[in-house]
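One structure below.
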């Protein structure tokens with residue numbers, strides 16, 4: 001079945017299902033019908049960028065069970081520190097928030113809304129600086145419920161949130177988009193509007209709480225932040241923009257009110273300051289957005305800050321209310337096909353609340369003597385070095401981010417087709433997309449984030465927009481939203497037994513990513529060590545290295561810039577090392593590390609496995625395909641010899657998963673070989689999530 005047929009079948013099945021499954025799709029269908037206004041075949045064809053940032057949902061919480069994304073069926077879910085009841089657990093297994101209470105262990109569990117509609121509104125979870133740092137735990141992530149509550153492990157499925165799944169099936173979903181920080185709403189939103197939270201305390205930061213989320217608030221007595229914001233830079237460059245919001249009900253989600261210049265602008269009667277205030281901190285409601293879209297008067301850049309009830313924030317809102325609000329925005333944009341044909345709509349989430357996501361966020365190396373790692377990219381301004389009180393002083397020296405994954409939908413005529421993008425992004429990526437389109441630079445963005453995080457361009461195919469036809473006669477959305485609006489928040493019940501979450505199986509089309517990364521062993525005077533290599537030309541990569549015998553220590557993190565390498569510490573005999581990186585990358589070393597090395601050299605979807613004998617004796621290495629059905633073989637490698645074996649990866653869409661073994665050493669290597677073109681998700685992914693690391 002072709003991907004286009006898959007999409008059509010999906011929409012038909014949603015219509016046939018009725019009820020919640022059929023109630024949210026007309027706006028999506030209309031957006032899919034309108035082709036791009038292709039002129040140059042580049043990003044210059046985009047006339048309008050509209051940004052809606054919703055509230056407090058983790059990626060796994062919404063999409064951990066969706067086919068073709070980096071979800072719960074992750075074969076290489078990272079290990080977590082051992083527990084007496086779970087000595088070899090993966091990060092999917094977490095302890096009860098209250099020691100001694102049943103169930104002792106909790107895995108991600110479903111909010112079964114068909115059985116209980118009230119589960120659309122679970123209570124919120126803690127999401128401040130101290131609890132977020134404690135839950136992340138420098139990458140160990142082993143006691144999430146004890147800092148975030150048991151129901152932080154809850155998630156939805158396709159049946160529960162059909163509108164959100166329909167967006168992902170229709171356009172492009174990002175499964176490596178992270179919030180900026182392990183922090184709350186306003187610090188994260190500062191990255192969306194300014195590229196920074198002033199970590200180095202140069203301009204009354206660092207902003208690590210929501211204390212400056214209203215014009216009148218000044219809890220630290222400095223009168224407001226003073227660094228330059230991106231709206232100011234757009235204004236100076238003559239690029240028109242507008243924040244659409246109701247200042248009486250925007251859930252205090254506009255962080256610009258915390259800046260001294262905007263507070264001065266609020267009092268200005270005329271001139272540039274008054275104009276800045278009009279565009280950013282005055283009421284300009286969604287009805288005005290709708291009228292501007294209809295009249296083809298949208299500015300090049302629009303931000304939308306919704307009312308509390310529409311934000312999808314746990315307790316304050318629900319996914320159903322968010323769906324209805326997004327449908328209204330899509331309706332407004334698609335009512336004028338000429339506008340929609342030139343528009344990109346970015347919908348993301350500011351932070352994860354306290355909701356669990358199983359992927360360790362990329363971060364600079366831990367400042368920890370046992371497992372520091374390394375970086376080729378300067379990262380001094382990514383650490384918590386300026387405490388504001390005794391409580392947050394406990395975490396001095398910790399990296400601020402990246403934070404956990406949150407959803408991002410790239411919705412436009414150039415991003416149709418049900419794709420997933422697995423390039424690493426964060427909130428600064430949204431500004432960088434604006435940089436790429438309008439040429440207005442944001443110097444606040446740190447060197448480390450510019451290296452590690454992309455600019456969202458890979459989510460779109462401006463040269464070949466998808467023009468497939470889609471069904472349009474689909475039912476409206478309002479009734480379910482109104483029903484959800486009456487709900488009160490509840491604490492979801494826990495499952496009685498530990499059960500693995502199950503991800504849908506099946507393929508999804510993938511956008512290309514910039515990664516060409518590898519790791520291998522190299523000999524040295526002090527013994528063999530691992531090399532972390534990045535042959536890519538544009539993007540840095542962050543590797544997480546877990547010592548299975550020392551999981552109480554943080555993972556060693558290595559940030560390797562484009563066309564660079566880093567070398568790790570000498571390896572001990574009898575080691576068990578678990579390595580993950582972006583784009584499905586995995587390596588694992590077990591046993592004596594000095595016997596052989598193996599690396600991948602790739603040219604398109606044809607790759608070579610390069611095996612080097614480090615042992616000083618002839619060896620016969622067993623090579624086993626662990627996931628894709630290729631026959632096993634034994635490779636004889638003479639003393640000092642290097643052997644090259646061709647790997648044909650077309651049938652697995654560029655994915656590989658090999659185990660090379662001797663009686664004294666095992667090396668597993670898995671990942672995806674990029675060729676600059678779209679491909680498909682991992683055919684071996686999905687199914688039950690791994691609760692145990694074997």
Looking at segment 641-652, can you tell me whether even one residue there is under 24 Å from residue 69 (Cα atoms) and crowded, with 16+ Cβ neighbours inside 10 Å?
yes
Log entry, pairs with first residue in segment 235-253 being without any contact (Cβ under 8 Å) to a residue 12 or more places away in the chain, second being assigned to a strand (DSSP E or B) and buried (at least 20 other Cβ atoms within 10 Å of the Cβ), beta carbons closer than 6 Å, six or more apart or on different chains, reads none
Selection from segment 582-612 of residues assigned to a loop (DSSP other than H, G, I, E, B) and touching a strand residue (DSSP E or B) at 6+ places or on another chain (Cβ under 9 Å) yields 582, 583, 584, 585, 592, 593, 594, 595, 605
Does any residue of segment 343-365 turn out to be over 25 Å from residue 306 (Cα atoms), touching a strand residue (DSSP E or B) at 6+ places or on another chain (Cβ under 9 Å) and either surrounded by fewer than 19 Cβ atoms within 10 Å (Cβ to Cβ) or modelled with pLDDT under 95 (or both)?
no
Being touching a helix residue (DSSP H, G or I) at 6+ places or on another chain (Cβ under 6 Å), crowded, with 19+ Cβ neighbours inside 10 Å and in the same structural domain as residue 614 (by TED's automatic domain parsing) narrows it down to one of 533, 540, so name that one.
540
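Test residue 378 against the criterion of being farther than 26 Å from residue 485 by Cβ, assigned to a loop (DSSP other than H, G, I, E, B) and at pLDDT 95 or above, and give yes or no. Even if it seems obvious, please write down each step before you answer.
Working: farther than 26 Å from residue 485 by Cβ: yes; assigned to a loop (DSSP other than H, G, I, E, B): yes; at pLDDT 95 or above: yes.
For residue 378, the condition - farther than 26 Å from residue 485 by Cβ, assigned to a loop (DSSP other than H, G, I, E, B) and at pLDDT 95 or above - is met.
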Residues of segment 410-458 being assigned to a strand (DSSP E or B) and surrounded by fewer than 24 Cβ atoms within 10 Å (Cβ to Cβ), which ones?
420
Identify, please: which residue in segment 653-679 is in contact with a strand residue (DSSP E or B) (Cβ under 9 Å, 6 or more places away or on another chain) and in a loop (DSSP other than H, G, I, E, B) and is, among those, surrounded by the fewest Cβ atoms within 10 Å (Cβ to Cβ)?
663
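Can you pull out every residue in segment 147-185 that is more than 21 Å from residue 446 (Cβ to Cβ) and in a loop (DSSP other than H, G, I, E, B)? Steps first, please.
First, pick out the residues of segment 147-185 that are more than 21 Å from residue 446 (Cβ to Cβ): 147-173, 175.
Within segment 147-185, 149, 156, 157, 158, 159, 160, 161, 171, 175 meet the criteria.
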Just to be sure I understand the filter: pairs with C-beta atoms under 8 Å, separated by 6 or more residues or on different chains, first member in segment 64-85 and on the phi > 0 side of the Ramachandran plot and in contact (Cβ under 8 Å) with a residue 12 or more places away in the chain, second member in a strand (DSSP E or B) and surrounded by 24 or more Cβ atoms within 10 Å (Cβ to Cβ). Which pairs pass?
68/510
Hey, does segment 482-504 have a residue that's over 30 Å from residue 328 (Cβ atoms), surrounded by 17 or more Cβ atoms within 10 Å (Cβ to Cβ), out of contact with any strand residue (DSSP E or B) (no Cβ under 9 Å at 6 or more places or on another chain) and at pLDDT 95 or above?
no
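Can you pull out every residue in segment 659-685 that is closer than 26 Å to residue 551 by Cα and within 27 Å of the chain's Cα centre (by Cα)? It would help to see each step written out before you state the result.
Let us first name the residues in segment 659-685 that are closer than 26 Å to residue 551 by Cα, namely 659-671, 685.
The answer is 668, 669, 670, 671, 685.
Just checking, which of 592, 597 is surrounded by fewer than 19 Cβ atoms within 10 Å (Cβ to Cβ) and either over 23 Å from residue 571 (Cβ atoms) or more than 31 Å from the chain's Cα centre (by Cα) (or both)?
Numbers: 597 fails: surrounded by fewer than 19 Cβ atoms within 10 Å (Cβ to Cβ).
Of the residues listed, the single one that is surrounded by fewer than 19 Cβ atoms within 10 Å (Cβ to Cβ) and either over 23 Å from residue 571 (Cβ atoms) or more than 31 Å from the chain's Cα centre (by Cα) (or both) is 592.
Quick one: which of 198, 209 is in contact with a strand residue (DSSP E or B) (Cβ under 7 Å, 6 or more places away or on another chain), in a loop (DSSP other than H, G, I, E, B) and at pLDDT 95 or above? Step through it out loud before you land on a result.
Numbers: 209 fails: in contact with a strand residue (DSSP E or B) (Cβ under 7 Å, 6 or more places away or on another chain).
Unique residue meeting the criteria: 198.
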Scan (1) at negative phi; (2) surrounded by fewer than 15 Cβ atoms within 10 Å (Cβ to Cβ); (3) assigned to a loop (DSSP other than H, G, I, E, B) for the single condition residue 223 breaks and write down its number.
(1)
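Surrounded by fewer than 19 Cβ atoms within 10 Å (Cβ to Cβ), touching a residue at least 12 places away in the same chain (Cβ under 8 Å) and over 33 Å from the mean Cα position of the chain (by Cα): is that true of residue 604 in this structure? So that I can check it myself, show each step before the final result.
Details: surrounded by fewer than 19 Cβ atoms within 10 Å (Cβ to Cβ): yes; touching a residue at least 12 places away in the same chain (Cβ under 8 Å): yes; over 33 Å from the mean Cα position of the chain (by Cα): no.
In short, no.
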Would you confirm whether or not segment 560-567 contains a residue that is more than 28 Å from the chain's Cα centre (by Cα), surrounded by fewer than 23 Cβ atoms within 10 Å (Cβ to Cβ) and at pLDDT 95 or above?
no
Which numbered condition in (1) in contact (Cβ under 8 Å) with a residue 60 or more places away in the chain; (2) surrounded by fewer than 18 Cβ atoms within 10 Å (Cβ to Cβ); (3) in contact with a strand residue (DSSP E or B) (Cβ under 8 Å, 6 or more places away or on another chain) is the only one that residue 524 fails?
(1)
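With 627, 615 as the choices, which residue is at pLDDT 95 or above and either buried (at least 18 other Cβ atoms within 10 Å of the Cβ) or part of a loop (DSSP other than H, G, I, E, B) (or both)?
Details: 615 fails: at pLDDT 95 or above.
Answer to the selection: 627.
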Filter result (within 14 Å of residue 281 (Cβ to Cβ) and either part of a helix (DSSP H, G or I) or in contact with a strand residue (DSSP E or B) (Cβ under 6 Å, 6 or more places away or on another chain) (or both)) within segment 226-253
231, 232, 235, 241, 242, 243, 244
Residues satisfying the stated conditions in segment 108-137, i.e. within 30 Å of residue 364 (Cβ to Cβ), assigned to a loop (DSSP other than H, G, I, E, B) and out of contact with any strand residue (DSSP E or B) (no Cβ under 6 Å at 6 or more places or on another chain)
124, 125, 126, 127, 128
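Which is within 29 Å of residue 320 (Cα to Cα) and surrounded by fewer than 23 Cβ atoms within 10 Å (Cβ to Cβ), of 68, 73, 124? Walk me through how you get there before you give the answer.
On the way: 68 fails: surrounded by fewer than 23 Cβ atoms within 10 Å (Cβ to Cβ); 73 fails: surrounded by fewer than 23 Cβ atoms within 10 Å (Cβ to Cβ).
After ruling out the rest, the residue left standing is 124.
The values are calculated or read from the model by the stated rules, or taken from the named source; none is laboratory data. Quick caveat, the model's predicted, so the values are computed rather than measured. Methodologically, a virtual Cβ is constructed for each residue, glycine included, from the backbone with ideal geometry; neighbour enumeration extends over all protein chains shown.
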